[in-house]
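No value in this document is a laboratory result; all are computed from the given coordinates. The structure displayed is predicted, hence computed values, not measured ones. Positions of Cβ are backbone-derived with ideal geometry, glycine not excepted, and every protein chain shown enters the neighbour counts.
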Amino acid sequence: MRRITRREAVIEGLAGTAAVLLAGCGTSSHGVSPTGSTLASTWRDPSGVGVLVPAPGEPLIARTDLGPHRAATQVLATFAHVTDAHVLDASSPARVTFLDRLGAPFQSTFRPHETLTAQVLAGAARAVQALRPDLVIEGGDLIDNDQSNELSQALSVLRGGVVHPGSGPHGYFGVQLASDPDPFYYRPDLDAPRHPGLLRHAVRPFVCWGLGVRWCPVLGDHDILVAGEIAPTAETRVLALGDRAVWELPAGLTLPPGASLGASYSPDGPPAPQLVDQFLAQALAAPKVPVAPDPNRREMDVAEVVARLQRGSGVQSEPDALDYHVDVGERLRLIVIDLARRAGGSGGLVRPGLRAWLASELAGAGERWVIAISHQPLESSDGGEQLLSLLDSHPRVIAALAGHTHRNQITPRTGAGGGGYWLINTASLIDYPQQARALQVVETDGGGVAIQTWMLDHVDAGAGPGLGRISRELAYLDAQGGRPQGFIGGRLDRNVALYAVQR
């Protein structure tokens, strides 16, 4: 059976929708919330034709899996979880977009909306500003390919200032150009849904107001690894800084028989660094397209990434790792755990000494409630059960928060002695539904605690003519993206009030 191209999938998704496209938002009697709060409004495809329109919001639903509903008495802390932005350099010769032709599990190597990642992060920052949280957790995979210019763009969005999303001297130059005759890649100047001039607008500098509040970084695999999988090598560094790019799938390059995703697979990275190593070696010998080089595309080592995240956020940790805690007032401690693999691989890894460090952090929390935060979920990380066992036995732990899976998901976990806490995963900004998460820790009657959480849609941040909304539209239509894979999660994975056992 012939594999459908992404361009064909987008066209099929729009077949018969001319009337809806012409009507646009006018088909809905509901407006879009300027704050991005999905409590007020959200996006739906009511006709099932591939066109999103504003819809009523989703109120909080009580989840009493771990404890009874009790009235909230006061707010202890409000924070946002913004994760998996994957700010990327779409013109970089280090991109491996050609691997997308192999299908799963390489569909994350190209997305039709990949030129708009900085603008989507800016829209999420605008929604966070409206929330007015005590702080923001930047949940990892802030950037996509371990490049210095990607990190510069992302940090400019978070702190505020002029953001320069392009690279090279000529603006966008990549596989989505109208001059590229290849029908596999979505070309916005030619293909449906047409957005003439999108690539030109995508690389224009824009002003962002930033988060407007302190933020705390979490280290992700894409922040320090090429394609989120392999540690930079001499060959990958040369490729990133070079003047040749591979756009076409090299002849004879196929997925090896028996290749599997493995337990650590996530939508933000191929299954194993060995496969990427193999494919890059073959790609280096394949025909290439001349591109303009840019020294700002250099790949970074771990120490540089950590240092820049520390300087940008003001957090203090060891020089080569992002393990630390943040106390929010006198009642809540957030413990950030670094699970990124230095030697390669997208899955989480518990390093030697990390269990003892976490035990010390929990002991130091005193009577504070505790939320543990990592990029990769602890339950799928190598050695993660060591840390989960500590959380299971601590009476003040109320949640473990993660990203990486690009999926909204909330699961109760029973702790030792009949207690328990919540495993909370937040969707990404790169794949549909392109949402962040708001969390509010509240004290309840009798001295207990609950977490009220709801999703935040990114909103117009003035980064260009509707670029954020175009990105959401294209992410929704992406036949390999978050809509067909259900990344939005179920209703109980989004806007809910999570009650814990009274302790």
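A few points about this structure:
- Sites listed here are trypsin sites (Lys or Arg not before Pro) in the stretch 294-348 whose DSSP assignment is loop and whose Cβ has at most 10 other Cβ atoms within 10 Å, and the list is empty.
- The stretch 137-179 and the stretch 344-370: distance between their alpha carbon centers, rounded to Å: 31
- Using the Karplus relation 6.51 cos²θ - 1.76 cosθ + 1.60 with θ = phi - 60°, the per-residue 3J(HN,Hα) values for the stretch 172-189 come to 5, 8, x, 6, 9, 5, 5, 6, 7, x, 6, x, 5, 8, 5, 10, x, 6 Hz, with x marking Gly and Pro.
- For the stretch 63-499, size of Cβ-based charge dipole, Lys and Arg +1, Asp and Glu -1, in debye: 800
- Put in line by how crowded their Cβ is, counting other Cβ atoms within 10 Å and starting with the fewest, E318, E229 read E318, E229.
- Separation of the stretch 75-133 from the stretch 443-461 is 23 Å, based on Cα centroids.
- For V449, the residues whose modelled amide H falls within less than 5 Å of its own, excluding neighbours fewer than 5 places apart on the same chain, are T444, A500.
- Selection among G464, S360, H164 by position relative to the dipole of the stretch 63-499 gives G464 as farthest towards the positive end (Cβ unit charges, Cα centre).
- Total formal charge among the other residues, if their Cβ is under 10 angstrom from that of I424, Lys/Arg +1 and Asp/Glu -1: 0
- Positive-end ranking of L322, L116, S346 along the dipole of the chain, with charges on Cβ about the Cα centre, is headed by L116.
- Fewest-first sequence of Y186, Y324 by Cβ atoms within 10 Å of each Cβ: Y324, Y186
- Sorting the segments 288-294, 458-464, 377-383, 159-165 by their mean number of nearby beta carbons within 10 angstrom, highest to lowest, gives 458-464, 377-383, 159-165, 288-294.
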